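The values are calculated or read from the model by the stated rules, or taken from the named source; none is laboratory data. Because the structure is predicted, anything quoted here is derived from the model rather than measured. Ideal geometry is used to build each Cβ from the backbone, glycine not excepted, and the neighbour counts take in all protein chains shown. When the accessible area is computed, the model is the full protein with side chains, heavy atoms only, and any ligands, DNA or RNA have been set aside. Shrake-Rupley method; radii C 1.70, N 1.55, O 1.52, S 1.80 Å.
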Amino acid sequence: MSAASADRYAVIGNPISHSKSPAIHMAFAEATGQNLTYTTIEGPLGQFAATVDRFRAEGGKGLNVTVPFKLDACAYATDLSESARAAGASNALKFEGDRCHAENFDGTGLVRDITHNLGQALAGRRVLLLGAGGATRGAILPILRETPALLFVANRTVDKATALVRDFHAGGANTKVLAGGGYDDLSQETFDVVINATSASLSAQLPPVPASALSPNGLAYDMVYGKGLTPFLRLAKDSGVRHLADGVGMLVEQAAEAFAWWRGVRPDTTEVIRRMTVPLV
Ligand code: NDP
């Protein structure tokens, strides 16, 4: 396969040097025999559209989008998927002629990791999402599609959680299934699946979730990856929660969704997840 004729993809963010996306996508390309290149673009702040225009003019076929450009990607696109529209953010773009299609695969990747890789059903279960930022926004519809008994969004800034939930209710989400509030609302509640979608783990902090909200037979999932046992996962482990996971599977699964969307072939994720997993110790 020749690099000259290869289709071009990249991930755009700022900063971007830490990104694992090139390694993931090149592993997928090798495993599926797809002729493509995948690089990083450090997008200058405030110049998202000009940078993407240049990439397209040079023949670029698609982009992954990460912090801080996920909202810009939505504004740039001509065609938004339901998940990108609901999240108000996009992490994957596909260019076809003068059209730019936007998707958000973070939530799909999360749900696939939980249900398929970790073997934990969401249907009929009580699910708690900690945080009310972009990651939570992207996770809500894919989780609701699994028909949980309850999806509660708890956030430090309570108004942000209630406003976010209200947006989804206005969009048709069931008010009996989707609810939101603060950490104080959790003192009498227990959940089967607790997902830490805050960025607290990045600075080794613990969101103020009471240990009593975690169920020993349930799953504690931290979206942050590669940090071993985060304070949240440590709390879960010390509380006897049997299933613990970080977000490496989510990262690889959202990449696989984008790859399938661009190339029409879904790569197997098992080996890539295994290689990238940092033990939870
Ligand atoms: P945002 O910046 O949009 O939101 C951050 C959220 O974290 C806010 O709700 C904020 O609360 C909360 N928060 C931050 N610090 C604390 C704290 N010490 N205690 C309690 N709450 C806190 O981030 P995103 O939603 O985009 O991402 C969240 C995390 O998910 C990131 O760490 C990111 O790395 C991870 N992620 C992982 C992915 C994967 O593929 N594995 C994909 C996408 C994201 P408040 O509103 O009160 O400030």
Can you work out D for the chain in µm² s⁻¹ from Stokes-Einstein, where Rh is the Kirkwood radius over C-alpha pairs, the temperature is 10 °C and the viscosity is 1.306 mPa s? 82
The answer for Y225, listing residues at least 5 apart or on another chain whose modeled amide H is closer than 5 Å to its amide H, is G247
The chain: angle of helix 158-170 to the longest principal axis, Cα-based, in degrees nearest 10: 70
Please compute the contact order of the chain in relative form: average sequence separation of alpha-carbon pairs under 8 Å and at least six residues apart, divided by the residue count, as a percent. 15
Pull out a ≥ b ≥ c, the square roots of the eigenvalues of the alpha-carbon gyration tensor of segment 7-86, then state rounded if a/c is under 1.5, prolate if not and a/b is larger than b/c, and oblate in the remaining case. prolate
With A86 itself left out, Lys, Arg at +1 and Asp, Glu at -1 over residues whose Cβ is under 9 Å from its Cβ give 0
Evaluate the relative contact order of segment 50-200 (contact order divided by residue number), counting alpha-carbon pairs under 8 angstrom at least 6 apart; express in whole percent. 20
Name the lysines eligible as straight-distance cross-link partners of K20: C-alpha to C-alpha under 21 Å, and not fewer than 8 places from it in the same chain. K61, K70, K94, K227
Accessible area of the chain with a 1.4 Å probe: how many percent of it is carbon plus sulfur? 51
Give me the Debye-computed log₁₀ of I(q)/I(0) at q = 0.17, 0.24 Å⁻¹ for segment 162-254, equal point scatterers on Cα only, no solvent, two decimals. -0.81, -1.22
Ranked from highest to lowest mean number of other Cβ atoms within 10 Å per residue, what is the order of the peptides 86-99, 104-117? 104-117, 86-99
Averaged over all viewing directions, the convex hull of the alpha carbons in segment 152-212 casts a projected area in nm² of 4.6
What number, rounded to the nearest 500 deg cm²/dmol, is the helix-based mean residue ellipticity at 222 nm of the chain, given -39500 (n - 2.57) per DSSP H run of at least four residues and division by all its residues? -10000 deg cm²/dmol
Taking the 0 to 90 degree range and rounding to the nearest ten, how far is the long axis of helix 248-263 tilted relative to the main principal axis of the chain, both from C-alpha atoms? 40
If the only charges are +1 at each Lys and Arg Cβ and -1 at each Asp and Glu Cβ, what is the size of the charge dipole of the chain around the Cα centre, to the nearest 20 debye? 220
With a sphere of radius 13 Å drawn around the Cβ of K237, what net charge do the other residues whose Cβ falls strictly inside it have (Lys, Arg +1; Asp, Glu -1)? -1
So the angle from the long Cα axis of helix 134-145 to the longest Cα principal axis of the chain, reported in degrees to the nearest 10, equals 80
Using Cα pairs closer than 8 Å and at least 6 residues apart in sequence, work out the relative contact order for segment 14-72, in percent. 41
